[in-house]
Every structure is written in C-alpha cells, then in structure tokens.
Amino acid sequence: MTSHPISKNTFFKLDLLLLIVFTFSCKEENKKKETATTEAKEATSKPNIVVIYLDDLGYGDISANGATEISTPNIDKLAHGGVRFTNGYATSATCTPSRYGILTGVYPWRNKDAQILPGTAPLIISTEQTTIPKMLKQQGYTTGIVGKWHLGLGTGHVNWNERVSPGPNEVGFDYSYIMAATQDRVPTVYIKGGHVDGLDPNDPIEVDYAKNYEGQPTGKDNPELLKMKWHHGHNNSIVNGIPRIGFMKGGEAAKWKDVDMADHFLEKAKDYVKNHKKEPFFLYYALQQPHVPRTPHPRFVGTSGMGPRGDVILEADWVIGEFIKTLEDEKILENTLIVFTSDNGPVLNDGYFDDAEEKLGSHTPTGGLRGGKYSLFDAGTHVPFITYWKGTITPSVSDALVCQIDLLNSLAKLADSDITTDDSEELIDVLLGKSKIGRTNLVLEAGQKTALRSGDWILIPPYKGNPINTQVNIELGIADTYQLYNLKTDRKQETNLAASNPEKLKEMVATYEELRGETTVEIKELELK
Ligand code: NG6
Ligand code: CA
C-alpha cells in the first residue's frame with residue numbers, strides 16, 4: 001500500500017505550521033521576558049516610597065522594640081521583615097520641627113519658626129525650598145500626603161472659606177488630604193487640596209487663637225458640655241464634646257468625627273495607592289495616633305487594657321496592617337519601600353484626663369530611655385525607625401545612627417536625583433540594610449535648645465530653665481552644667497560623665513560648636529583651660 005500523497009503533503013504542511021507557531025510563540029515569549037526585565041528594572045530603580053509617620057509614639061511603644069504589655073503585630077511585621085533601627089532619630093522632640101526636618105532635609109533649629117504651631121500659623125517651608133516630594137516629582141514620581149500637616153498654611157491671615165494656600169500642594173505634593181495642625185487644635189476639619197472638605201458655604205468657618213466668638217461655649221466656661229476633661233491648656237472651643245486649643249465658629253458640616261479619623265485617613269491612603277499603583281508614587285502618610293485627644297474608634301475601646309492611649313496604638317497598628325494589605329492586594333508591596341517612624345517621643349498626660357498615666361501598668365513607652373516628648377534627653381527624639389521593602393531588604397537589626405533628616409539625600413540617591421541638602425546624609429545603603437555605617441554626628445533639638453549625639457555619646461550644653469515640665473511630668477534635660485552621657489554603657493542617661501571625662505567633653509563641645517556655628521560663654525571658658 002502506497003501512502004496517500006495528500007496525507008504526506010498534509011503532514012508537511014502541519015510541520016511547517018507547527019514550526020511557524022513555535023517560532024512565533026518563542027518570539028512572543030522573548031518579548032514578554034524583555035518587557036518583564038524592563039519592568040523589573042524600572043521597579044527597582046523607581047520603587048514607590050511610603051513614609052508612615054506616627055505622632056508621639058515612643059521607642060518602647062511597639063512590641064518589636066521590646067514592649068511586652070502591648071502587642072503591635074502589623075508594625076512588628078515591618079520590623080521583623082525589614083531593618084529595625086535601634087538608633088533611629090527624629091530631629092526634634094516635638095511635631096512641627098520634626099516634620100520640617102523630615103520633609104526638607106534641613107535642621108529645624110535653622111528656622112526660628114519651626115516650633116509647635118497654632119492652627120492659624122503661616123506655612124514655614126519656603127515654596128522655593130527643596131523637599132522630598134519636590135525632588136521625587138522631578139524624578140517622575142506622583143506625590144501625596146494624607147494625615148497630619150502641622151507646618152502652617154497660607155502667608156498670614158487665612159480665610160478658611162477660600163482655597164488655603166500655600167500649603168502642601170505648593171511645596172511638592174500633587175495630592176493632599178490633611179488636618180491643618182493637630183487633633184487638639186482648631187480648625188477641626190479636613191482640608192483637601194487646600195479646600196475645607198465638606199464645607200457648607202452658608203456656614204463659613206472662622207478661627208482665632210486669641211479670642212472667642214460671642215456666645216460660643218468653651219471648655220473653661222462650659223464643663224457640663226464636655227465628654228473629655230482638660231487637664232492643662234485645651235479649654236477653648238468644644239468640638240464633639242472635646243475642648244480644643246483655639247476658637248472656632250461655623251463649619252458644622254465639615255467638622256471631623258474624632259473617632260472616625262483613623263478610618264477616614266486610611267480610606268484616603270488606600271484610595272491614593274489604588275489610584276496611583278501604575279506610576280511610581282511617594283505617599284507621606286501621617287497618622288494622628290497616639291497624640292491627644294486620644295479617641296479610638298469604638299471597635300478599639302478597651303482593647304489594650306491601658307485606656308485610650310494604648311487603644312489608639314492598637315488602632316494605628318490595625319490601620320497599618322490594612323494599608324499594607326492594600327499594597328499587597330494591588331500587587332505592589334514588593335515594589336514599595338516603607339519607612340515607619342514617629343515624629344517625637346512619648347508623653348502620657350499631654351493635657352487631657354484620659355487615664356494614660358493611671359492605666360499604664362508596667363508598660364514603658366520610652367523603652368527605658370530618659371525623658372520623653374519635649375525633652376533633650378534621649379526619649380524625646382530617639383524613636384521607632386523601621387525600613388521595609390519586601391524582597392529587597394534582608395531582615396536585620398541595625399545599630400547605625402540614622403535620622404529622619406537623612407531621608408532626603410538617601411531617597412534622592414535611590415531615585416537617581418542629584419538634589420541634596422547639607423544637613424541630610426546619604427545613607428541609602430544603611431536604610432536598605434546593606435551597610436551599618438550610619439552618621440557620626442547628629443544635632444538634636446527640643447524647644448529650640450539643642451544637644452549633640454556623636455557616636456555613642458550625648459552632650460547636652462547648659463541651659464537656663466525648669467528641668468521638669470511639671471504639667472506633663474517629663475524631665476527636659478535642662479541643667480546649668482554640661483551633661484555628657486555614654487548611651488552604650490548608660491542607655492538611661494543616669495551618669496553624667498562631664499566632670500570625670502574632660503577630654504571627651506572638650507571634644508564633644510568642639511564638635512557641637514562647629515555644627516551649631518555658635519559659641520557659648522561656657523565653651524569659651526573651657527577653651528581657656
Ligand atoms: C502643646 C500642647 C500639647 C500638644 C503639643 C503639640 C498644651 C498645654 N499642650 O502646646 O497638648 O498639642 O503642643 O504636640 O496646649 S505635637 O506633637 O504636635 O508637637
Ligand atoms: Ca508629635
């Protein structure tokens with residue numbers, strides 16, 4: 001039987017077809033591979049960058065840093081999957097200067113206006129100045145802020161019923177959804193792209209920090225209206241039963257609900273991620289916890305057993321978990337560098353009766369460091385500091401000295417920008433866990449007084465003033481003589497070595513003087529010796 005000629009031909013044709021299909025699919029495959037490599041290349045050269053910034057969270061407030069009385073599993077996941085810094089610093093012991101430092105890469109003590117601001121203060125970042133979002137924008141990033149601002153708005157008198165500017169949008173943020181100052185300061189409204197969100201034009205807002213509006217109740221005169229009692233300060237306008245700092249009238253429909261703030265900001269942060277997942281983005285997500293007034297959502301009330309301060313830390317931890325889940329769901333977690341830190345150290349009673357002291361138990365928000373918020377002692381500025389980048393950062397613990405002010409030069413390096421500031425140090429390898437050589441020197445600030453950390457040593461120059469802020473019950477680090485501590489051997493700053501180690505003192509004073517550019521009388525005396 002001879003084979004059928006047609007069938008032979010058909011086989012031949014089939015072979016050819018298969019070959020063509022194979023070659024084509026190989027080419028397609030290669031093309032796919034090529035695109036994947038380019039994408040991967042782009043992914044590592046331009047990762048999304050998220051800064052998660054807590055407000056008044058202490059070094060010891062997270063279980064990753066040793067807290068045993070409170071559990072923060074979501075923050076711990078970042079810490080255990082990334083670099084957990086044991087010597088990470090904010091520039092300052094209060095909010096406004098630290099926020100100035102982290103965003104501009106400039107020491108806040110260089111700007112006399114970088115002090116805790118009222119809600120009516122003008123913007124303290126110059127629109128000409130370098131900022132992280134501005135630098136990243138030049139590198140093709142889209143930039144956003146969600147949460148606490150507290151760097152001033154406008155140029156003088158603000159009309160809250162018109163677009164408020166300059167503000168975050170004028171210093172580099174494409175998108176902004178903020179609270180102007182703090183949760184305890186008026187105006188108690190959210191501001192979106194400069195406009196008060198949900199404002200009824202028939203109910204205009206007025207804000208004044210000097211005098212009340214006629215007929216408006218205050219915390220001081222109307223204690224019967226209060227759901228939360230004030231301890232010191234915080235006795236002006238009442239919003240949601242909470243007395244605030246400053247006076248405010250109108251804007252009823254726009255007023256925030258304190259207990260919903262965490263969910264509200266989370267929604268905005270999640271939306272931001274979803275809307276920008278296809279472009280490299282920078283998100284500065286500034287949570288309000290655990291700053292006063294501490295107002296956990298009812299879901300979290302009583303969950304910590306430590307009163308509202310513990311409850312809002314758990315709430316913040318949950319929020320962070322939800323936020324990370326969003327990055328995961330959108331499949332961009334592996335292409336996102338997350339920096340987690342806090343603007344300053346912890347405080348218990350910061351002006352309201354909220355059981356923070358009474359229900360603390362054996363929890364130590366400072367993690368055993370001395371002082372707290374407002375203090376030149378270490379707990380004022382030595383804060384939780386974590387970097388996380390799934391698949392890129394190898395988990396480790398780093399003792400390197402790093403400061404939030406270093407983000408500017410470091411992120412510039414990461415994003416291939418040559419923009420830098422003099423005060424910021426380029427430490428991207430340290431932040432990514434590839435090097436453990438951090439800064440040598442860092443000038444720390446509290447209430448516009450400064451100290452020096454150099455290696456393991458801390459120098460606090462002599463200052464006049466009360467050594468303790470009795471209202472918040474925190475030692476400020478103020479003394480009329482030099483203080484010199486070695487953090488390595490004396491983490492609690494209990495032993496002042498200034499008298500016993502004059503050599504080190506002299507060296508530290510010289511470094512401090514050089515960095516600060518000023519000479520105190522006492523320093524001159526030292527030089528004469
Ligand atoms: C203080 C407030 C304090 C807090 C702080 C700012 C009083 C008596 N105390 O002036 O409650 O709001 O300012 O905190 O008003 S920060 O974290 O934003 O710097
Ligand atoms: Ca703060």
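The values are calculated or read from the model by the stated rules, or taken from the named source; none is laboratory data. Small disclaimer: the values here were computed from a predicted structure and weren't measured. Virtual Cβ from ideal backbone geometry, glycine too; neighbours counted across all protein chains shown. SASA here: full protein model, heavy atoms, side chains in, ligands and nucleic acids out. Shrake-Rupley method; radii C 1.70, N 1.55, O 1.52, S 1.80 Å.
Filter 270/413; 436/488; 229/249 down to the pairs with a C-alpha to C-alpha distance above 18 Å, please.
270/413; 229/249
If you restrict to DSSP beta bridges whose two residues both lie in the chain, what percentage is antiparallel, to the nearest 5?
Percent antiparallel among DSSP bridges in the chain is about 55.
Roll a 1.4 angstrom probe over the protein heavy atoms and tell me the percent of accessible area of the chain that is carbon or sulfur. All intermediate terms of the calculation are to be shown ahead of the outcome.
On the way: 11870 of 22750 Å².
In the chain, the share of accessible area belonging to carbon and sulfur is 52 percent.
Select from the stretch 153-211 those trypsin sites (Lys or Arg not before Pro) which occupy a DSSP coil region and have at most 16 other Cβ atoms within 10 Å, ordered by residue number.
163, 211
Find the accessible area per residue for the chain; the probe is 1.4 Å, ligands and nucleic acids are left out, and the unit is Å². Numbers along the way, then the final one.
Details: 22750 Å² over 529 residues.
Per-residue value: 43 Å².
Could you work out the relative contact order of the stretch 385-529? I mean the mean sequence separation of Cα pairs under 8 Å and 6+ apart, divided by the number of residues, in percent.
Computed over the stretch 385-529, the figure is 14 percent.
Quote the FRET efficiency, to the nearest 0.05, computed for residue 503 versus residue 470 with a Förster distance R0 of 56 Å and r equal to the Cβ-Cβ distance.
0.95
By a straight-distance test (C-alpha under 19 Å), which aspartates and glutamates pair with residue 257 as possible cross-link partners, with residues fewer than eight away in the same chain excluded?
Hits, sequence-local ones excluded: 55, 184, 197, 200, 203, 206, 267, 311, 315, 354.
Taking the Cα centre of each part, how many Å lie between the stretch 447-516 and the stretch 230-283?
If we compute the Cα centre of each part, the gap is 37 Å.
Work the Kirkwood hydrodynamic radius out for the chain: mean of 1/r over every pair of different alpha-carbon atoms, inverted, in Å.
24.6
Expressed as a rounded percentage, what relative contact order does the stretch 206-249 have, with Cα pairs under 8 Å and six or more residues apart?
Contact order relative to length: 46 percent.
Assuming a ≥ b ≥ c are the square roots of the Cα gyration tensor eigenvalues, decide whether the stretch 445-525 counts as rounded (a/c under 1.5), prolate (otherwise, with a/b larger than b/c) or oblate.
Oblate, because a/c is 1.5 or more while a/b does not exceed b/c.
Tell me which trypsin sites (Lys or Arg not before Pro) from the stretch 380-478 have a DSSP coil assignment and no more than 14 other beta carbons within 10 Å of their own.
434, 436, 464
Compute the angle between helix 95-104 and the longest alpha-carbon principal axis of the chain, please, reported from 0 to 90 degrees and rounded to the nearest 10.
40
Rounded to the nearest 20 Debye, what is the dipole magnitude of the chain about its Cα centre when Lys and Arg each give +1 and Asp and Glu each give -1 at the C-beta?
The calculated dipole for the chain is roughly 1160 debye.
How about the stretch 219-287: which trypsin sites (Lys or Arg not before Pro) there are in a DSSP loop, with at most 15 other Cβ atoms within 10 Å of their Cβ?
Filter output for the stretch 219-287: 220, 227, 229, 257, 278.
Using the Cα centre of the stretch 242-345 as origin and beta-carbon charges of +1 (Lys, Arg) and -1 (Asp, Glu), tell me which of 298, 323, 272 is placed farthest towards the positive end of the dipole.
Of the candidates, 298 comes out farthest on the positive side.
Taking the Cα atoms only, what angle lies between the long axis of helix 308-329 and the longest principal axis of the chain, rounded to 10 degrees?
That helix lies at roughly 20 degrees to the long axis.
Using +1 at the C-beta of Lys and Arg and -1 at the C-beta of Asp and Glu, which of 289, 312, 253 has the Cα lying farthest in the positive direction of the dipole of the stretch 218-360?
Of the candidates, 253 comes out farthest on the positive side.
Distance cut-off 24 Å, Cα to Cα: go down the list 112/255; 192/220; 137/277; 211/464; 268/325 and report the pairs above it.
As for pairs spanning more than 24 Å Cα to Cα, those are 112/255; 192/220; 211/464.
What does the charge dipole of the stretch 206-249 about its Cα centre add up to, to the nearest 20 debye, if the Cβ of each Lys and Arg holds +1 and the Cβ of each Asp and Glu holds -1?
180
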